[in-house]
Every structure is written in C-alpha cells, then in structure tokens.
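Heads up: the structure comes next, in structure tokens.
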Amino acid sequence: MPQPPLTLESRRKLLLGAAALTALAAASWPRALWAQTGAAADKLKIATIGAGREGSALGALFVKAGHPVMFSSRHPEQLKEMVDGLGPLAKAGTIADAVAFGDIILLIVPYTAVAEVGREHGPGLAKKQLVIDVSNPIPRRDGEELVKKINGEGGAGLATQKALPGAKLVRGFNAIGSGQLSALAHRQGEPAGVPIAGDDQNALALASRLIKEIGFEPVVVGGLAMGKYLVPGTPLAGVHTPAEIKQIAATLK
Ligand SMILES: NC(=O)c1ccc[n+]([C@@H]2O[C@H](COP(=O)([O-])OP(=O)(O)OC[C@H]3O[C@@H](n4cnc5c(N)ncnc54)[C@H](OP(=O)(O)O)[C@@H]3O)[C@@H](O)[C@H]2O)c1
C-alpha cells in the first residue's frame, strides 16, 4: 500500500532508524559472512537515485557489504546525518553526482519520476553496467492514468526500458518492504529469495552477484516482460524462499 510523502523530520528519523537497524542486524551476522562480504575482492561503486524508505535501507546493505555507495536526492543535504551514520563508504550527492559516480545504479523513486530521470540522465545511465529498477507504478501514489499507461506498455519492466533506452536493466527488490530488508539480509537458515527480471545476461549475472553479497538469493524469473509481476500485490510480492519463487513464477508464464 502506498504511503504518504515524508516530512523532512520524519524522513530524518526514518533514515537514521534505517542506518541504526542495519548496523544492528549487521552486528549479529556471523563472522564468516562479514569476512566474506567485507573482503570481496572488487568493490563496485554503487549509487542510489532516490534515498527514501527503500533507497536508504537497500543502499545501507551495500555499504555493509563493503561497497562505496552514493545516496542521492534533489536535496542531498537532508541525507547528511544518514550517510554520516553509515561510515566512510557512504556519501550523499545530487542525482547528477550519483550518475557520474556509480558503476551500478539503484533506481528507487516513485514511478512518476522514472520518465523524468530518463529524460535528464538517460545517456549517462545507458553507459552503466547495471541499473537495478526497484521502482513500482502504484495507482494510489502515481495515479490511475499513469498505471494504465504503464500496463499498456507491457508493465513496469518494459516501460522502464522505454524510459531509459539502452540501460542494462534488472528489476529487483520491488516488493520487499524497506522495514524488512536489514532483518532478512543474511538471515539464518534458508536465504530470502529475490525475484529478478532482465534481458541483459551480463547485467543479470552482476545483479545476482550483488544480491548474494548482501545476503539474499536471486532467482531469475524471466526477461523484462516479467517485470510486471515484480510489483506489490502480485503472487511474487513479499518474502519467499527461492524454491517458492520458482514455483510461483512458473504459474505466471
Ligand atoms: N518503501 C518500500 O518498502 C518499497 C519496497 C520496494 C519498492 N519500493 C519502491 O521504491 C520506490 C521508492 O519508494 P520509497 O518508499 O522509498 O519512497 P520515498 O520514501 O517517498 O522516497 C522517494 C525517493 O524518491 C526521490 N524522488 C521523488 N521524486 C523524484 C524525482 N522527480 N526525481 C528524482 N528523485 C525523486 C525522493 O528524493 P527527494 O529527496 O529528492 O525528494 C526520495 O529519495 C517506489 O517506486 C516504491 O514503489 C518501495
């Protein structure tokens, strides 16, 4: 269900809470996992476009995995306390800064902003190894008209590709709540699965590697056309084991 826009103060509290929760969860991860994530040989520069509820929580997991992360906003000064809390690997910038910085981009904005980001930063984003599209069209937040248009274009995966021509897109993390991410990462027992969809095999492989690094198990459910199922309210939404995701995805094809 879409949530109301954040006030500056509630955003500040939320971001500080996300950083603290992630630090707490990370402190409880087994030492071996820390060694594995902390010692990953090649660090990739990751940038988030959007650093609200989901962007801050997901970006924090990549910081904890040892990657330099730039969190971006149209008001980067509002992110200062959050990035300070995450330590030296985290920094804040404008969206243009993020596009310049990241090898990998996490696109985590209301879906109404996707076309705007494409218009302003499309050529830069097309040069990246991977753009993970976490954004969803949600009727109550983005409007019935937009959602109808997106569905007419084949759903969120194909519509994002149209907005970002040439970008190596993978949809992922679209329906795992921001408040659950830090507790699910590296959870005990079977890992939480992350359904992903994309058309570019190299981008899928890179996304899979990164998703494992932050403590989840990626499950490729198909090409970008399957991205329409990676939104809240579909059977793939929420927390599932990798086996459950495979079973559900098979019924959707
Ligand atoms: N929250 C979740 O649990 C969750 C889970 C999975 C997927 N998602 C998806 O992730 C996306 C973001 O959700 P959220 O809950 O994180 O939203 P949010 O807390 O409201 O944060 C939205 C972010 O998008 C940025 N933004 C808004 N309009 C923009 C524009 N025109 N250009 C550039 N940046 C813009 C905002 O930056 P400014 O600081 O510049 O305003 C803010 O950082 C949505 O599509 C949502 O469906 C959310």
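FYI, it's all coordinate maths here, none of it is from the lab. This one's a predicted model, so the numbers in the text were calculated from it and none came from an experiment. All Cβ positions, glycine included, derive from the backbone under ideal geometry; neighbour counts span all protein chains shown.
Data for the structure
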item: For region 147-253: relative contact order, % (alpha-carbon pairs under 8 angstrom, 6 or more apart); result: 32
item: Amide proton proximity set for residue 48, modelled H, under 5 Å, gap of 5+; result: 70, 71, 72, 106
item: Karplus-derived HN-Hα couplings along region 116-122 (A = 6.51, B = -1.76, C = 1.60, θ = phi - 60°), whole Hz, x at Gly and Pro; result: 5, 4, x, 5, 7, 10, x
item: Interchain or long-range residues, amide H under 5 Å from residue 219's placed H; result: 194, 196
item: Where labels lie 7 Å past Cα in the beta-carbon direction, separation of residue 153 and residue 45 in nm; result: 2.8
item: Size of charge dipole - region 39-96 - debye, nearest 20, with Cβ of Lys, Arg +1 and Asp, Glu -1, no other charges; result: 80
item: Karplus 3J(HN,Hα) series, Hz, for region 219-231 with 6.51 cos²θ - 1.76 cosθ + 1.60 (x for Gly, Pro); result: 10, 6, 9, x, x, 4, 4, 7, x, 5, 8, 9, 9
item: Dipole axis of region 115-165 (+1 Lys, Arg; -1 Asp, Glu on Cβ), positive-most option in 124, 152, 163; result: 124
item: Average Cα contact separation per residue, region 77-217, under 8 Å, 6 or more apart, as relative contact order %; result: 20
item: Too-long pairs where the Cα-Cα distance tops 25 Å, listed order kept, from 162/253; 80/228; 127/246; 128/212; 45/168; 128/228; result: 80/228; 127/246
